[in-house]
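Here's the structure we're looking at; comments come further down.
The values are calculated or read from the model by the stated rules, or taken from the named source; none is laboratory data. Keep in mind that what you see is a predicted model, and the values were worked out from it rather than measured. Cβ placement follows ideal geometry from the backbone for every residue including glycine, while neighbour counts extend to all protein chains displayed. For accessibility, only protein heavy atoms count, side chains too; no ligands or nucleic acids. Shrake-Rupley method; radii C 1.70, N 1.55, O 1.52, S 1.80 Å.
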Amino acid sequence: PRYSYLLYSVPVGPQVKDYIEDQEKFVDALSPEARSFLKVRGFHLDSGWNEEKRWKEFDPQLKICTKADSSASQALCGSRLSICTYNATTVLENLASNFPTVIFWNPNFFELRDSAQPYYDELRKAGILHDTPESAAAKVNEVYEDPMAWWSSPEVQMARENFCQRYAWIGPDWISDWKKEFKNMDIDLRP
């Protein structure tokens, strides 16, 4: 949004312009080959930033994928690699579904609790999370031809699994596990 209405760890007000510029830096740092595969999918709410228009002005050749074109999961099915630029549900869903994902964001805009830091540091070490758009683009340039070769490596899978165990855990009996957890919290689950 252009104006702050909640307190949470995201760019607010004029910081959003820096966030947008980081995305443009990322695209600029992609090799022509990797860039030819890129499809940009903006946030589902524009909030007055005119994202689609900005992208068209930045690069008229860039492919834009909108909510009307396909759902996020449909768009992902037609992709070999996902790039996430903010700390939200998409990151959790991608990692939980074991989909090759490169993440980048400015850590000054997406602050983390101290207790979460080791899990995110492990993602950084594995090349999944990047603090700069240039670093993320370098990783994409390195892996875009065969992301699964990188994604399947033991280091990447270990970092992903450790992160998911803590923040996006899905086990074979997840419904029972969640019910048990809610019961421990003394929450009434009746409709």
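Which of the following residues is among the hydroxyl-bearing types (Ser, Thr, Tyr) and surrounded by 15 or more Cβ atoms within 10 Å (Cβ to Cβ): TYR86, TYR167?
TYR86
Which one of these is at pLDDT below 95 and under 19 Å from LYS125 (Cα atoms): GLN165, GLN157?
Unique residue meeting the criteria: GLN165.
Can you confirm whether GLN117 is more than 23 Å from PRO32 (Cα to Cα), more than 16 Å from the chain's Cα centre (by Cα) and surrounded by fewer than 16 Cβ atoms within 10 Å (Cβ to Cβ)?
yes
For PHE37, only one of the following conditions fails: (1) open to solvent by less than 40 Å² (accessible area, probe 1.4 Å); (2) at pLDDT 85 or above; (3) of a type outside the set (A, V, I, L, M). What is its number?
Failed condition: (1).
Looking at ASN98 and the list (1) touching a residue at least 24 places away in the same chain (Cβ under 8 Å); (2) open to solvent by less than 50 Å² (accessible area, probe 1.4 Å), which single condition is not satisfied?
(2)
Taking MET148 and the conditions (1) touching a residue at least 12 places away in the same chain (Cβ under 8 Å); (2) within 24 Å of GLN15 (Cβ to Cβ), which numbered condition does it fall short on, given that it satisfies the others?
Checking MET148 against (1) touching a residue at least 12 places away in the same chain (Cβ under 8 Å); (2) within 24 Å of GLN15 (Cβ to Cβ), the one that fails is (2).
Looking only at helices (runs of 4 or more DSSP H) that fall completely inside region 89-170, which ones have 2 or more residues that are of a type in the set (Val, Ile, Thr) and more than 30 Å from GLU181 (Cβ to Cβ)?
133-143
Would you mind telling me which numbered condition in (1) among the small types (Gly, Ala, Ser); (2) farther than 30 Å from VAL27 by Cβ; (3) in contact with a His (Cβ under 6 Å, 6 or more places away or on another chain) SER176 fails?
Every condition holds for SER176 apart from (3).
Does any residue of region 121-142 turn out to be open to solvent by less than 60 Å² (accessible area, probe 1.4 Å), over 16 Å from the mean Cα position of the chain (by Cα) and not aliphatic (A, V, I, L, M)?
Yes: region 121-142 contains one or more residues that are open to solvent by less than 60 Å² (accessible area, probe 1.4 Å), over 16 Å from the mean Cα position of the chain (by Cα) and not aliphatic (A, V, I, L, M).
Which of the residues spanning region 121-140 are of a type in the set (Asp, Glu), touching a residue at least 40 places away in the same chain (Cβ under 8 Å) and either more than 19 Å from ARG35 (Cα to Cα) or out of contact with any helix residue (DSSP H, G or I) (no Cβ under 8 Å at 6 or more places or on another chain) (or both)?
GLU122
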